[in-house]
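Visitor: Please see the structure below; I have some questions.
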Number of protein chains: 2
Amino acid sequence: MAIVDEMVCFALYSASRATTRAYTELLSPWQLTYTQYLVLVVLWNEGSKPVREIGEMLQLDSGTLSPLLRRLENKEFIRRERSQNDTRVVNVELTEQGSALRKELAHVPEQIACGTGLLDIQSAREYLDTLHQITEQMQKLPIKIQPTN
Amino acid sequence: MAIVDEMVCFALYSASRATTRAYTELLSPWQLTYTQYLVLVVLWNEGSKPVREIGEMLQLDSGTLSPLLRRLENKEFIRRERSQNDTRVVNVELTEQGSALRKELAHVPEQIACGTGLLDIQSAREYLDTLHQITEQMQKLPIKIQPTN
DNA sequence: CACAATTGAATTGTGTACAACTTAAAATAA
DNA sequence: TTATTTTAAGTTGTACACAATTCAATTGTG
């Protein structure tokens, strides 16, 4: 059984990489990576957001986000502005160009949907549940001794 | 539906990263990454193999493998030797230490199995099938015009 | 044989991931 | 209020992942 689980992990790793490649290929005319696209999706759906909240939603830390946001800023899809209330916080907002991308990239979800090969919403949702369960369980592994200081 | 498919892609990406983190945490006493572990698994199961074949099995190219193998060689878990027949080919073989790791790391699959939360072989296999299907489909995306030169 | 095309591995360059650290600012406690 | 702690973002360093290129060796073809 343990060997099958390791096969599941490898399959997960392979499927994730294949998916990232497919996205990046689709997004190549805009010179966007999958992770950059994810940040844009967050902003399209949620509006301006501080770096920390984007990080929470995508489970990415500032070590990943800071340089990524700098690149999105250089491409002029986003702007970064320090918050007035709390100058530690940097708010990320879409530029005109960044907002316009939403329509330009409307074909991406459709294209990707062909790639999952999932036929009905029912099975897709069940699939999602299992993936969420794996993510949650893996985040608990390995069972660490809680720091007590 | 397309939105659900994008959710599946993100869930895949999250689950894969959580899995890699769990492995790397488990492997940290040996200073091994998940990808390095995968290469060792290949060698434990298949014996010495040229770089190209390892790359085929893990779907990794020489740009990833060459530096990774150098690191495994520095740790003295593997050796690299140019083939006599075809000097383009580099064969990768386990060292004594590298072979010994197999027993030392026997606990890893068990630990990881707890992390998938998959209860029976039946559902695990079904899950595997779907992951393979996604990987295959994604590799076909986007439908590219075949170069005709 | 000669030469063009292909192959195997390595290298270079870009972009994540992520741990560990730094710095400044804000919240809390003493 | 001062001192301590916590928090937000950025920086540094390591290691994939992968496209593109290089180089040498081999294979194929005329």
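Visitor: Taking Cα pairs under 8 Å and at least six residues apart, what relative contact order does segment B:2-105 come out at, in percent?
Guide: Relative contact order, segment B:2-105: 21 percent.
Visitor: Oh, and also: I need the GluC sites (Glu not before Pro) found in segment B:1-85, filtered to DSSP loop residues with at most 12 other beta carbons within 10 Å of theirs.
Guide: Of the GluC sites (Glu not before Pro), the ones in loops of segment B:1-85 whose Cβ has at most 12 other Cβ atoms within 10 Å are B:E76.
Visitor: Compute the label-point distances linking A:E126 to its equivalents in the other copies; points lie 7 Å from Cα along Cα→Cβ; give nm, one decimal, shortest first.
Guide: For A:E126, the inter-copy label distances come out at 0.4 nm.
Visitor: Between B:T20, B:I134, B:V90, whose Cα lies farthest towards the positive end of the dipole of chain B when Lys and Arg beta carbons carry +1 and Asp and Glu beta carbons carry -1, centred on the Cα centre?
Guide: B:V90
Visitor: Might you report the magnitude of the Cβ-based charge dipole of segment B:29-149 about its Cα centre, with Lys and Arg at +1 and Asp and Glu at -1, to the nearest 20 debye?
Guide: In debye, rounded to 20, segment B:29-149 gives about 440.
Visitor: Still on this structure: Can you name the chain B residue with its Cβ nearest the rotation axis from B to A, and give the distance in Å as a whole number?
Guide: Looking at chain B's Cβ atoms against the axis toward A, the nearest is B:S16, 2.
Visitor: Please work out whether segment B:2-105 counts as rounded, prolate or oblate from its C-alpha gyration tensor, where a ≥ b ≥ c are the square roots of the eigenvalues and a/c under 1.5 means rounded, while otherwise a/b larger than b/c means prolate and anything else oblate?
Guide: In terms of gyration-tensor shape, oblate.
Visitor: For the residue pair B:W44 and A:T33, what label-to-label distance in nm results when each label sits 7 Å from Cα along the Cα-to-beta-carbon direction?
Guide: Reported label-point gap for B:W44 and A:T33 is 3.1 nm.
Visitor: Taking the Cα of A:R52, stepping 7 Å toward and past its beta carbon, and measuring to each backbone N in segment A:91-105: which are under 13 Å?
Guide: A:91
Visitor: Do any trypsin sites (Lys or Arg not before Pro) in segment B:1-90 lie in a DSSP loop with no more than 11 other beta carbon atoms within 10 Å, and if so, which?
Guide: Numbers: sites: B:R17, B:R21, B:R52, B:R70, B:R71, B:K75, B:R79, B:R80, B:R82, B:R88; in loops: B:K75, B:R88.
Within segment B:1-90, the qualifying trypsin sites (Lys or Arg not before Pro) (loop, at most 11 other Cβ atoms within 10 Å) are B:R88.
Visitor: In debye to the nearest 20, how big a dipole does the protein assembly as shown give about its Cα centre with +1 on each Lys and Arg Cβ and -1 on each Asp and Glu Cβ?
Guide: 940 debye
Visitor: If you count, for every residue in A:103-109, the Cβ atoms of partner chains within 10 Å of its Cβ, what is the mean?
Guide: On the way: counts 0, 0, 0, 1, 2, 3, 8.
Mean shielding by partner chains, rounded to a whole number: 2.
Visitor: Shielding by partners for A:115-126, please: the mean number of other protein chain Cβ atoms within 10 Å of each residue's Cβ. Please report the intermediate quantities before stating the final value.
Guide: Working: counts 12, 14, 9, 8, 1, 2, 3, 0, 1, 5, 3, 1.
For this peptide, the per-residue mean of nearby foreign Cβ atoms is 5.
Visitor: Further question: Using a 7 Å offset from Cα along the direction of the beta-carbon, what are the separations from A:H107 to the same position in each other copy, nm, ascending?
Guide: 5.3
Visitor: How far is B:R88 from the same spot in each other copy, in nm, shortest first, if each label point sits 7 Å from Cα toward Cβ?
Guide: 5.7
Visitor: Shifting gears a bit: Can you give the FRET efficiency for B:R125 and A:Q84, using 1/(1 + (r/R0)^6), R0 = 51 Å, r = Cβ-Cβ distance, to the nearest 0.05?
Guide: Details: r = 56 Å, r/R0 = 1.09.
Once rounded, the FRET efficiency stands at 0.35.
Visitor: Then there is this: Heads up, I need the accessible area for A:E110: 1.4 angstrom probe, whole protein in place, Å², nearest 10.
Guide: Counting only protein heavy atoms, the figure is 110 Å².
Visitor: Okay, moving on. Under 5 Å between amide H atoms, partner at least 5 residues away or on a different chain: which partners does B:V90 have, H built in plane at 1.01 Å?
Guide: For B:V90, the qualifying residues are B:V51, B:R52, B:S83.
The values are calculated or read from the model by the stated rules, or taken from the named source; none is laboratory data. Not measured: the values here are computed from a predicted model. Reconstructed Cβ throughout: ideal geometry from the backbone, glycine too, with neighbour counts over all protein chains shown. Heavy atoms of the whole protein, side chains included, go into the accessibility calculation; ligands, DNA and RNA do not. Shrake-Rupley method; radii C 1.70, N 1.55, O 1.52, S 1.80 Å.
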